[in-house]
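Participant: What follows is a single structure, and I will ask about it in a moment.
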Amino acid sequence: MQYPDWLMKAKESKKLLQWIQDPVHSFKMFHGRLLLKCQEEDCIVFYAVDSKEKDCLQLKEPKLCGVLYLPDYFLYEVDTAFYEAVGIPADFIFPTRENLKKEVEGRVTHLVKNLIDTKWDKLLLKYQNQRDSLFPNINRTQVQETSKRYLKAKIKPEELFYSPKFSFAKMQVEYTDVMFLYCLNHHENAVQMIADKWLKESLWEISQKRIYLGCVREEMEELQKKAA
């Protein structure tokens, strides 16, 4: 296979590659730094270890210093310890777990938006058991005031649609190391799973806001007709 530039230009590329291709969890010394590698499905997780802790059972707090995704040899969450140990040039910049987190959030948002646009009726049927009503309490006066405010702000009715945006923080879901590795190993499944959880817990909120803005949009159109 064609190996990425970071691996080809690393000073310890040959030694590292041989180690990576050995599936056994093990320790190896690189430039005076002891590294531990553990394989989790298609990912190899690297830890920087105190040189005295060569027994896995005695490890206290090994420091995560890199995650390698084997199908394309892409590196994530690379720490200085890994750069220095294997001799990766400093000008190579790698994505972090936070980068992947934002990518997953974007993919979940895109998937749910697409489902809302194309399969709204099926979503209402599938996720009908919500903790709150799918329909908002519409306050006529509030709708009118909101419509006037939007028109005054030069917002057009056709531009007004509720567009939900997913975030782990809003869902109060912690993006743990386990979640990080699962998203790497099972990207599509992870997006589907997270989207399903979001819809199970929050479709009522999405539905209420969608319906409310629909009422505001219709009111804006009526106000425009009266003003014409």
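The values are calculated or read from the model by the stated rules, or taken from the named source; none is laboratory data. None of these values were measured; they are calculated from a predicted model. In this analysis, Cβ positions are derived from the backbone assuming ideal geometry, glycine residues included, and neighbour counts consider all displayed protein chains.
Participant: Give T96, T141 a once-over and let me know the one that is free of Cβ contacts under 8 Å to residues at least 24 places away in the same chain, under 30 Å from E218 (Cβ atoms) and polar (S, T, N, Q). Explain how you work it out, then say what you get.
Facilitator: Working: T96 fails: under 30 Å from E218 (Cβ atoms).
Checking each option against the conditions leaves just T141.
Participant: Given (1) in a helix (DSSP H, G or I); (2) at pLDDT 95 or above, identify the lone condition not met by Q224.
Facilitator: (2)
Participant: Do the conditions hold for P95, that is, is it modelled with pLDDT of 95 or more and not small (G, A, S)? Break it down into steps so the answer makes sense when it comes.
Facilitator: On the way: modelled with pLDDT of 95 or more: yes; not small (G, A, S): yes.
Criteria met by P95.
Participant: Would you check if there is a residue in segment 42-59 being modelled with pLDDT under 95, among the aliphatic types (A, V, I, L, M) and under 20 Å from the mean Cα position of the chain (by Cα)?
Facilitator: Scanning segment 42-59 turns up no residue that is modelled with pLDDT under 95, among the aliphatic types (A, V, I, L, M) and under 20 Å from the mean Cα position of the chain (by Cα).
Participant: Taking segment 139-182, which residues are among the small types (G, A, S) and either touching a Ser or Thr at 6+ places or on another chain (Cβ under 7 Å) or under 30 Å from L64 (Cβ atoms) (or both)? Quick ask: steps written out before the conclusion?
Facilitator: First, the residues of segment 139-182 that are among the small types (G, A, S): 147, 153, 163, 167, 169.
Answer for segment 139-182, where residues must be among the small types (G, A, S) and either touching a Ser or Thr at 6+ places or on another chain (Cβ under 7 Å) or under 30 Å from L64 (Cβ atoms) (or both): S167, A169.
Participant: Return the residues of segment 134-177 that are more than 20 Å from I194 (Cα to Cα), of a type in the set (A, V, I, L, M, F, W, C) and surrounded by 11 or more Cβ atoms within 10 Å (Cβ to Cβ); say none if nothing qualifies.
Facilitator: Correct list: L134, F135, I138, V143, L151, I155, L160, F161.
Participant: Next question. Quick one: would you say F166 is more than 24 Å from T146 (Cα to Cα), in a loop (DSSP other than H, G, I, E, B) and at pLDDT 95 or above?
Facilitator: Numbers: more than 24 Å from T146 (Cα to Cα): yes; in a loop (DSSP other than H, G, I, E, B): yes; at pLDDT 95 or above: yes.
Against the criterion (more than 24 Å from T146 (Cα to Cα), in a loop (DSSP other than H, G, I, E, B) and at pLDDT 95 or above), F166 qualifies.
Participant: Also, quick follow-up: Out of (1) under 30 Å from C183 (Cβ atoms); (2) out of contact with any Leu (no Cβ under 7 Å at 6 or more places or on another chain), the odd one out for Q130 is which?
Facilitator: So Q130 meets the others, but not (2).
Here is a yes/no grid of residues against (1) under 16 Å from L181 (Cβ atoms); (2) part of a loop (DSSP other than H, G, I, E, B); (3) in contact with a strand residue (DSSP E or B) (Cβ under 6 Å, 6 or more places away or on another chain):
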position: L7; (1), (2), (3): no, no, no
position: F27; (1), (2), (3): no, no, yes
position: L35; (1), (2), (3): no, no, yes
position: I44; (1), (2), (3): yes, no, yes
position: D72; (1), (2), (3): yes, yes, no
position: P89; (1), (2), (3): no, yes, no
position: L100; (1), (2), (3): yes, no, no
